[in-house]
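Undergrad: Before I ask anything, let me first share the structure, which is written out below as structure tokens.
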Amino acid sequence: MDNIRNGLSEIPQAGRGAFATRALKQGSLVAPAPLIHIPNKARLTMYDTLPPDEGVISRNTSAPVHQQLLLNYCFGHANSNVLMSPYGVLVNLINHGSGEKANTRIVWSKEMRHTEWLEQPPKVMEEDWHSGLSFDFVALRDIEEGDELLIDYGPDWQAAWDDHVAHWKAPDGSNVYDAAYELNGIDRADSTLPTMAEGGYGGSVKMWIHGAYIEIAGHESPSHYARVEIVDRYEDTNNGEIRYRAQTFKEKETKDSQTEIDYKLMLWSLPRDAFVFDDLPYTRDHVQSWSFRHAIGIPDDMFPNAWKLNATTAAA
């Protein structure tokens with residue numbers, strides 16, 4: 001199916017979204033989505049660690065700290081531990097549209113490998129590692145080419161999101177936070193990069209230079225990219241463009257587990273496009289312990305009674 005393309009969502013701060021590549025009639029199939037079944041959502045819980053025991057690090061199961069990001073892309077129900085994670089093409093980019101804003105909904109596919117699971121307790125699914133169920137994303141009304149596709153994530157998701165927004169406070173340092181995807185964005189040629197004397201980029205991203213610019217300077221490039229720090233910034237007297245002087249380096253770990261910087265080359269007259277960025281591990285906002293986590297809701301009218309907590313308790 002190629003009914004979906006990705007693009008920048010029309011919803012403020014929603015990131016990417018899914019858009020229709022063609023006109024779709026009401027009731028028509030937008031996209032199929034096979035499902036990875038997760039019988040117990042507790043498997044997505046993240047825990048603090050215990051002190052290493054002979055070099056082995058173990059989870060401290062009495063100290064949960066957060067849920068895995070995957071939870072935000074799973075479908076579930078407030079009265080169940082079951083989660084369903086779709087892996088259809090681009091369906092995970094379909095954002096929330098409450099009530100009449102939604103133009104798409106999910107239904108169970110007519111043909112599934114294990115239709116009987118809808119009538120059985122979740123423990124049955126634990127014995128099968130293959131996908132057994134699937135959703136169809138179906139148009140609720142006529143959708144025009146280019147329309148953003150939206151589904152209603154449900155009242156429980158909406159209540160959790162509203163509570164998150166109401167109580168969220170900006171963490172320390174957020175005013176100087178930089179994300180690699182923004183620094184590598186389409187407007188990067190118009191942005192000015194700070195030098196090390198100006199503070200650089202702190203502790204959120206790593207800066208690299210394309211190996212081609214090392215070769216242009218007459219040096220052999222050991223790889224496609226090299227770590228780099230900006231020494232200074234100046235205006236090219238010939239064309240008025242901003243240029244950079246930067247120094248490549250490598251990080252080395254000493255015997256006492258300290259990081260040592262080994263400077264290599266000084267490069268001159270570098271344009272803004274010479275530099276690329278990636279995020280340091282665990283610095284992006286979506287991996288912080290205060291970030292939002294909640295499953296998308298499976299509507300009551302299609303959620304199996306056999307998966308509800310009262311039913312599974314009775315079956316046990």
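Undergrad: Just wondering, is there one or more residues in the range 98-110 that are under 24 Å from the mean Cα position of the chain (by Cα), crowded, with 20+ Cβ neighbours inside 10 Å, part of a strand (DSSP E or B) and not small (Gly, Ala, Ser)?
TA: yes
Undergrad: Among the residues of the range 81-99, is there at least one that is within 27 Å of Ser28 (Cβ to Cβ) and of a type in the set (Phe, Trp, Tyr)? Break it down into steps so the answer makes sense when it comes.
TA: Narrowing the range 81-99 to residues within 27 Å of Ser28 (Cβ to Cβ): 84-99.
Going one step further and asking which of them are of a type in the set (Phe, Trp, Tyr), we end up with 87.
Among the residues of the range 81-99, at least one is within 27 Å of Ser28 (Cβ to Cβ) and of a type in the set (Phe, Trp, Tyr), which makes the answer yes.
Undergrad: Cβ contacts < 8 Å: first residue in contact (Cβ under 8 Å) with a residue 24 or more places away in the chain, restricted to the range 61-88; second residue acidic (Asp, Glu), any location; separation 6+ or different chain. Result?
TA: Val65/Asp48; His77/Asp300; Ala78/Asp156
Undergrad: What are the pairs with Cβ atoms under 8 angstrom where one residue, in the range 272-294, is touching a residue at least 24 places away in the same chain (Cβ under 8 Å) and the other, located anywhere, is aromatic (Phe, Trp, Tyr) and open to solvent by less than 40 Å² (accessible area, probe 1.4 Å)? Sequence gap at least six, or different chains.
TA: Arg272/Tyr244; Ala274/Tyr244; Phe275/Tyr244; Phe277/Tyr201; His294/Trp157
Undergrad: Now, a different point. Between a residue in the range 146-166 that is within 26 Å of Leu29 (Cα to Cα) and among the hydrophobic types (A, V, I, L, M, F, W, C) and any residue that is open to solvent by 30 Å² or more (accessible area, probe 1.4 Å) and in a helix (DSSP H, G or I), which pairs come within a Cβ distance under 7 Å, given they are 6 or more apart or on different chains?
TA: Leu150/Lys101
Undergrad: Return the residues of the range 129-162 that are over 15 Å from Asn95 (Cα atoms), under 21 Å from the mean Cα position of the chain (by Cα) and of a type outside the set (A, V, I, L, M, F, W, C); say none if nothing qualifies.
TA: Hit for the range 129-162 is Asp162, nothing else.
Undergrad: Continuing with the same structure: Among the residues that make up the range 276-286, is at least one of them surrounded by fewer than 16 Cβ atoms within 10 Å (Cβ to Cβ), under 30 Å from Met207 (Cα atoms), touching a Lys or Arg at 6+ places or on another chain (Cβ under 9 Å) and modelled with pLDDT of 85 or more? Write out each step before concluding.
TA: Of all residues in the range 276-286, those surrounded by fewer than 16 Cβ atoms within 10 Å (Cβ to Cβ) come to 278, 280-282, 285-286.
So of that shortlist, the ones also under 30 Å from Met207 (Cα atoms) come out as 278, 280-282, 285-286.
Checking the rest, the ones that are also touching a Lys or Arg at 6+ places or on another chain (Cβ under 9 Å) come to 278, 280.
This time we only want the ones that are modelled with pLDDT of 85 or more, so: 278, 280.
Yes - at least one qualifying residue is present in the range 276-286.
Undergrad: What is the residue count in the range 204-249 for residues that are open to solvent by less than 50 Å² (accessible area, probe 1.4 Å) and among the basic types (Lys, Arg)?
TA: The number of residues fulfilling the criteria is 3.
Undergrad: If I ask for residues that are over 30 Å from Ser134 (Cβ atoms) and part of a loop (DSSP other than H, G, I, E, B), which ones from the range 260-316 would you list? Reasoning before the result, please.
TA: Within the range 260-316, the first condition is being over 30 Å from Ser134 (Cβ atoms), and the residues that meet it are 260-285, 288-290.
Pro271, Leu280, Pro281, Tyr282, Thr283, Arg284, Gln288, Ser289, Trp290 - these are the residues of the range 260-316 that are over 30 Å from Ser134 (Cβ atoms) and part of a loop (DSSP other than H, G, I, E, B).
Undergrad: List the number of the failed condition for Tyr47; all other conditions in (1) open to solvent by 80 Å² or more (accessible area, probe 1.4 Å); (2) touching a Lys or Arg at 6+ places or on another chain (Cβ under 8 Å); (3) not in a loop (DSSP other than H, G, I, E, B) hold.
TA: Result: Tyr47 fails condition (1) only.
Undergrad: Before we move on, is Glu116 open to solvent by 60 Å² or more (accessible area, probe 1.4 Å) and modelled with pLDDT under 95?
TA: Numbers: open to solvent by 60 Å² or more (accessible area, probe 1.4 Å): yes; modelled with pLDDT under 95: no.
Answer is no for this residue.
Undergrad: Looking at the range 81-96 only, could you name the residues that are crowded, with 19+ Cβ neighbours inside 10 Å and in a loop (DSSP other than H, G, I, E, B)?
TA: Val82, Gly88, Leu90, Ile94 - these are the residues of the range 81-96 that are crowded, with 19+ Cβ neighbours inside 10 Å and in a loop (DSSP other than H, G, I, E, B).
Undergrad: Considering each residue of the range 2-35, count those that are open to solvent by 90 Å² or more (accessible area, probe 1.4 Å) and assigned to a strand (DSSP E or B), and give that number.
TA: 3
Undergrad: Further question: So, in the range 63-80, how many residues would count as being surrounded by 14 or more Cβ atoms within 10 Å (Cβ to Cβ) and assigned to a strand (DSSP E or B)?
TA: The total comes to 4.
Undergrad: Looking for something within 26 Å of the chain's Cα centre (by Cα), closer than 30 Å to Ala14 by Cβ and open to solvent by 40 Å² or more (accessible area, probe 1.4 Å) - is there at least one such residue anywhere in the range 52-62?
TA: Scanning the range 52-62 turns up no residue that is within 26 Å of the chain's Cα centre (by Cα), closer than 30 Å to Ala14 by Cβ and open to solvent by 40 Å² or more (accessible area, probe 1.4 Å).
Undergrad: Please work out which residue is farthest from Trp307 (Cα to Cα), limiting yourself to the range 8-47 and to residues that are small (Gly, Ala, Ser) and free of Cβ contacts under 8 Å to residues at least 60 places away in the same chain. Full working, then the answer.
TA: Here is the first cut: in the range 8-47, the residues small (Gly, Ala, Ser) are 9, 14-15, 17-18, 20, 23, 27-28, 31, 33, 42.
Among the residues that remain, those that are also free of Cβ contacts under 8 Å to residues at least 60 places away in the same chain are: 15, 42.
On the way: Gly15: 33, Ala42: 15 Å.
It comes out as Gly15.
The values are calculated or read from the model by the stated rules, or taken from the named source; none is laboratory data. Because the structure is predicted, anything quoted here is derived from the model rather than measured. Cβ coordinates were reconstructed from backbone atoms using ideal geometry, including for glycine residues, and neighbour counts include every protein chain displayed. Heavy atoms of the whole protein, side chains included, go into the accessibility calculation; ligands, DNA and RNA do not. Shrake-Rupley method; radii C 1.70, N 1.55, O 1.52, S 1.80 Å.
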